[in-house]
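Below is one structure, written out as structure tokens, with a few remarks after it.
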Amino acid sequence: MVKSLTHQSEKRKQVEIALIKAGKIHSQTDLVRELRAQGVEVTQATASRDLQELGAMRTKGNDGIMKYVLDNSAQISNNSHLILSIASSANTVVLRTPPAAAQFVASTLDAAIVGQELPLAIGTIAGDDTVLVIAATATGGDELAKSIESIFGKVK
């Protein structure tokens, strides 16, 4: 039973990815409706959870209309001014941000981790102006710091 549910969840998420990449998902309601049209019944809560797990982010397109996207790299690079400094040690990276920006930066990084755009990291912890990023390997801090800098852009 668990295998069957996992398979159904993975299959549903593949459909959701295709719908998001096609630009058809502007809201959670759209996702529920589009899935239903393909014979997949989900609740609004499941749609919301799936979007979060996929790292989907709602952004305004060039046409001014809000929609969900999976490619977080464009949004991340637009926020390069939010990283004041990057330091690494062993399996950690410490990012300094302006006051009150750490939660946003950590959330953006977490979405990149879930979306496999930042596979060198396993998670973040945020304070007010500091983000701790944990590397996937015991000595991966330096490489992770370089990867974060390449995603966000050169820190000034």
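The values are calculated or read from the model by the stated rules, or taken from the named source; none is laboratory data. The shown structure was predicted, so the numbers you read here are calculated from the model rather than taken from an experiment. As a convention, Cβ positions derive from the backbone with ideal geometry for all residues, glycine included, and neighbour counts pool all protein chains shown.
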- Note on the structure: For the range 1-60, the count of residues that are modelled with pLDDT of 85 or more and at positive phi equals 1
- Of the residues that sit in the range 28-46 and are surrounded by 15 or more Cβ atoms within 10 Å (Cβ to Cβ) and free of Cβ contacts under 8 Å to residues at least 24 places away in the same chain, which one is nearest to THR108 (Cα to Cα)? GLN28
- Message: Exactly one condition in (1) of a type outside the set (A, V, I, L, M); (2) surrounded by fewer than 21 Cβ atoms within 10 Å (Cβ to Cβ); (3) modelled with pLDDT of 85 or more; (4) under 25 Å from ARG58 (Cα atoms) is false for SER150; which is it?
- Response: (3)
- With respect to ILE122, is the statement that it is within 28 Å of LYS13 (Cα to Cα), touching a strand residue (DSSP E or B) at 6+ places or on another chain (Cβ under 7 Å) and in a helix (DSSP H, G or I) true? no
- Item | Count of residues meeting criterion [buried (at least 19 other Cβ atoms within 10 Å of the Cβ), within 19 Å of HIS81 (Cβ to Cβ) and more than 11 Å from the chain's Cα centre (by Cα)] in the range 98-146 | 7
- Considering only residues of the range 47-74 that are in a strand (DSSP E or B) and surrounded by 13 or more Cβ atoms within 10 Å (Cβ to Cβ), which is farthest from the chain's Cα centre (by Cα)? LYS67
